[in-house]
Amino acid sequence: MKHWNLVAILFIIVIITGFTTCDSGNESNSIHTHSYGNWTTKTEATCTEAKVEKRICSCGEEEIQNVGEPLGHNIGNWTQKTQANCENDKLEEGVCTRENCFETISRTVAGTSLGHNYSNWTQKTPATCKNDEVEESICTRENCSEVDNRIVSGTALGHDWNGWEINTNSISKKTCSRCTLKTNGEIGDIGPEGGKIFYIDPKGFIMMDDNSTAYYLEASPVSLINEASSLPLGFHWSSGWYEGNQEFVNYIFNTSDNIGAGRSNTALILSIDENAPAALACINYGESNDWFLPSINELYQLYLNRNIFDNLITGDEEYVQYTEYWSSSQSSSVEWAAFYQGFTDNAGSGGGNAKHNLLRVRAVHAF
Ligand SMILES: [Zn+2]
Ligand SMILES: [Zn+2]
Ligand SMILES: [Zn+2]
Ligand SMILES: [Zn+2]
């Protein structure tokens, strides 16, 4: 029995001795500290692996470390792999020249893509009143069918206000010949009978002769020409003659100064003086027989918007009356005078003028 105890004790000693050889001293009371030799190369650097060094302890333990960076592949000659095209850069490839490395590497050559080549632009959609023309083009490079559109700026046509929709119970609209747009006319627009619009009342005004409602007044673009006169632009208001300071003319009752009165005034004048030159010239102007000599308030509106004409007071400056225009409004105070309007900038509102004077005339049309 004692013999076996001894064997056991010896066995334990052997085990403990085994633990005390080298290596970590944590679990034992070993005091071995590694003592390495110098670092030596274990493997040389390659394209993809850094150089590895090793050192060895007397106990046989080996420690390793990486030194520096991998060498990277060494491509001697780059050759084209794929051509650049419209959207992609050229691709190149090369084979690594380092020993034992047969790696093939690709690279893109930045900035070599060609961009699309649009040389022939054709119309895709034509210009409209509001929108510019749009063109399209197909890339001309081989194997590319990319399509691009572009706007040709500044080609929008703008509306062509050359027509009118004439309404009797609401304001008439100017119409665009190209699109379907209709809109109210503006001062200076060409009216339906070729005059220039110089007065607009969006609520309408009453025409005194038939109680209809009109919204616009347009005036003949030029002063009427008196073919019978030696003074080419002048008209007498009355066909009556005069002698000395006496006028043999009629008082035209019931004319009005108001806007909306010109057409009825003109008819009143001609009902009493059928050859009254200024009124008759207006009736004979245009094709509709609807033109008239404007009332003084209508004529004053023309004066206020005189800037839309450039020919109201041009002509032979020898005749001072060339800056004055007849209205169809009878002077309320004397039978031999009718109201007129001067058209110089400082003319102010007009007064009465003797009916035998030769003044200019613009025919007016209401609608
Ligand atoms: Zn060691
Ligand atoms: Zn390589
Ligand atoms: Zn292209
Ligand atoms: Zn239009």
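The values are calculated or read from the model by the stated rules, or taken from the named source; none is laboratory data. Here the structure is a predicted model, which means the values were calculated and not measured. Quick reminder, even Gly has a Cβ in these numbers, built from the backbone with ideal geometry, and neighbours come from all protein chains shown.
Inspect all residues belonging to segment 172-181 and state whether any of them is over 30 Å from residue 274 (Cα atoms), small (Gly, Ala, Ser) and either within 16 Å of ligand 2 (Cβ to nearest atom) or loosely packed, with under 14 Cβ neighbours inside 10 Å (or both). Yes: one or more hits. The number of residues in segment 49-86 being assigned to a loop (DSSP other than H, G, I, E, B) and free of Cβ contacts under 8 Å to residues at least 40 places away in the same chain comes to 18.
If you go through segment 117-165 and keep only what is within 16 Å of ligand 3 (Cβ to nearest atom) and among the polar types (S, T, N, Q), you end up with 117, 119, 120, 137, 140, 143, 145, 149.
Consider segment 266-276 and keep the residues that are at pLDDT 95 or above and not small (Gly, Ala, Ser). The one that is surrounded by the fewest Cβ atoms within 10 Å (Cβ to Cβ) is 270.
Taking the numbered list (1) more than 30 Å from residue 135 (Cβ to Cβ); (2) surrounded by 14 or more Cβ atoms within 10 Å (Cβ to Cβ); (3) of a type in the set (S, T, N, Q) in turn, residue 112 passes all entries but (1). Checking the stated criteria, residue 112 turns out to be in a loop (DSSP other than H, G, I, E, B), at pLDDT 95 or above and either away from ligand 1 (no atom under 16 Å from the Cβ) or of a type in the set (Lys, Arg) (or both). Residue count for segment 118-139 satisfying the condition of being out of contact with any strand residue (DSSP E or B) (no Cβ under 9 Å at 6 or more places or on another chain) and surrounded by 14 or more Cβ atoms within 10 Å (Cβ to Cβ): 1.
One residue stands out among those in segment 57-101 that are loosely packed, with under 14 Cβ neighbours inside 10 Å and aliphatic (A, V, I, L, M): the one that is farthest from residue 46 (Cα to Cα), which is 64. Is segment 157-173 home to any residue that is of a type in the set (Asp, Glu) and under 24 Å from residue 326 (Cβ atoms)? Taking every residue of segment 157-173 in turn, none turns out to be of a type in the set (Asp, Glu) and under 24 Å from residue 326 (Cβ atoms). For segment 252-307, enumerate the residues that are in a helix (DSSP H, G or I) and within 21 Å of residue 348 (Cβ to Cβ). Matches in segment 252-307: 262, 296, 297, 298, 299, 300, 301, 302, 303, 304, 306, 307. In segment 50-68, the qualifying residues are those that are basic (Lys, Arg) and away from ligand 2 (no atom under 16 Å from the Cβ), and the one that is farthest from residue 37 (Cα to Cα) is 54. Condition check: in contact with a Gly (Cβ under 8 Å, 6 or more places away or on another chain) and either of a type outside the set (Ser, Thr, Tyr) or within 16 Å of ligand 4 (Cβ to nearest atom) (or both). Does residue 77 satisfy that? Yes, satisfied.
Filtered by the rule that a residue be surrounded by 16 or more Cβ atoms within 10 Å (Cβ to Cβ) and under 22 Å from the mean Cα position of the chain (by Cα), segment 151-171 gives 157, 159, 161. Say whether the condition of being under 47 Å from the mean Cα position of the chain (by Cα), assigned to a strand (DSSP E or B) and either more than 30 Å from residue 136 (Cα to Cα) or hydroxyl-bearing (Ser, Thr, Tyr) (or both) is met by at least one residue in segment 93-104. Looking for residues that are under 47 Å from the mean Cα position of the chain (by Cα), assigned to a strand (DSSP E or B) and either more than 30 Å from residue 136 (Cα to Cα) or hydroxyl-bearing (Ser, Thr, Tyr) (or both), one finds none in segment 93-104, hence no. Of the strands (runs of 3 or more DSSP E) lying entirely inside segment 144-217, the ones with 2 or more residues being of a type in the set (Val, Ile, Thr) are found at 147-152, 196-206.
Residues in segment 311-344 that are aliphatic (A, V, I, L, M), modelled with pLDDT under 95 and buried (at least 16 other Cβ atoms within 10 Å of the Cβ): 312, 313, 337.
Taking (1) surrounded by 11 or more Cβ atoms within 10 Å (Cβ to Cβ); (2) away from ligand 4 (no atom under 16 Å from the Cβ) in turn, residue 202 satisfies each apart from (1). Scanning for something of a type in the set (Gly, Ala, Ser) and surrounded by fewer than 19 Cβ atoms within 10 Å (Cβ to Cβ), does segment 292-310 turn up at least one residue? No, there is no match, as no residue in segment 292-310 is of a type in the set (Gly, Ala, Ser) and surrounded by fewer than 19 Cβ atoms within 10 Å (Cβ to Cβ). Just one residue in the set 117, 211, 149 is modelled with pLDDT of 95 or more, away from ligand 4 (no atom under 15 Å from the Cβ) and touching a Ser or Thr at 6+ places or on another chain (Cβ under 7 Å); that residue is 117.
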